[in-house]
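Reading through the structure tokens given below for one structure.
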Amino acid sequence: MNEDAFWALIDELSARPGTRDERLEWLEGELLRRPAEESVAFQVRLEKACGAADTHAVWRAADRIEGGRCTDDGFHYFTLWLVGQGRKVYGAVLADPDALADVPEVRALAGRHHDEWDDDEWPEWEELDYVAQDAYDELTGQEDDDGEEFLDAVEEAEEAEEAEAGEEEGEEDEECGTSGPEGLALPRLTALFPLGPSGS
């Protein structure tokens, strides 16, 4: 599964109607129709996309939205949610985290207390991290091994891809452009979520 194939699945996932659980059920079904190696490749792409979004600028944006309550685990789940928004939104936010202010799902949260947010509204999507493993385990009959075979396969695939890519990943990180001061100001998110953290 190359990057375009990964994002094609994600874009379809983001566009589908229904609850998050229903959409994840669709995604698992798509992976179950493919060889087990595709589930491994999907997870490699997912982790790489989340890793590229793991920047201080994006964290500040997530923390602003969540009112200063974004934990380390919560931020990882936020990056999963961000990937799940589709390639266009993901790319825009990596280029400028303040672009989250344009995302309808984020705007819908503004002016409401966190206690009023439904589970499906929270900008975190932990469950997306488990779909590929569930599909792989079912395809290989490894449901009882706590995911060890899957995680080993993902690690091997990541190492092989890194060896092939060489400096390519570093070049992609430079293109994200989230480390400059413009990525930290967040004027539009601050306007939407004025009670968020104001410190460094």
Problem set entry | Extended-chain gain in nm, criterion 0.36 nm per residue less alpha-carbon gap, T71 and T19 | 16.3 nm
For this session: Answer rounded, prolate or oblate for segment 1-67, using the Cα gyration tensor with square roots of eigenvalues a ≥ b ≥ c: rounded when a/c is under 1.5, else prolate when a/b is larger than b/c, else oblate.
Result: oblate
For this session: Give me the distance in nm between label points sitting 7 Å out from Cα along the Cα-to-Cβ direction at E164 and A108, one decimal.
Result: 3.8 nm
Exercise. How would you classify segment 111-167 from its alpha-carbon gyration tensor, with a ≥ b ≥ c the square roots of the eigenvalues: rounded for a/c under 1.5, else prolate if a/b is greater than b/c, otherwise oblate?
Worked result: oblate
Seminar exercise, completed: Over the chain, the quotient of the Cα radius of gyration and 2.2 N^0.38 Å is 1.05
Exercise. Roughly how many percent of the accessible protein surface of segment 74-175 is carbon and sulfur, given a 1.4 Å probe and a whole-percent answer?
Worked result: 41 percent
Exercise. In a GNM of the chain with a 10 Å cut-off on Cα contacts, which of H76, H113, H56 has the highest mean-square fluctuation?
Worked result: H113
Seminar exercise, completed: Per residue, accessible area of segment 1-134 with a 1.4 Å probe, heavy atoms of protein chains only, in Å², comes to 45 Å²
Exercise. Tell me, what is the FRET efficiency for D144 and D118 to the nearest 0.05, using R0 = 30 angstrom and their Cβ-Cβ distance as r?
Worked result: 0.35
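The values are calculated or read from the model by the stated rules, or taken from the named source; none is laboratory data. Source: prediction; values computed, not measured. Don't worry about glycine lacking a Cβ; one is built from the backbone with ideal geometry, like all the others, and counts go over all protein chains shown. These accessible areas exclude ligands, DNA and RNA; they are computed on the full protein's heavy atoms, side chains included. Shrake-Rupley method; radii C 1.70, N 1.55, O 1.52, S 1.80 Å.
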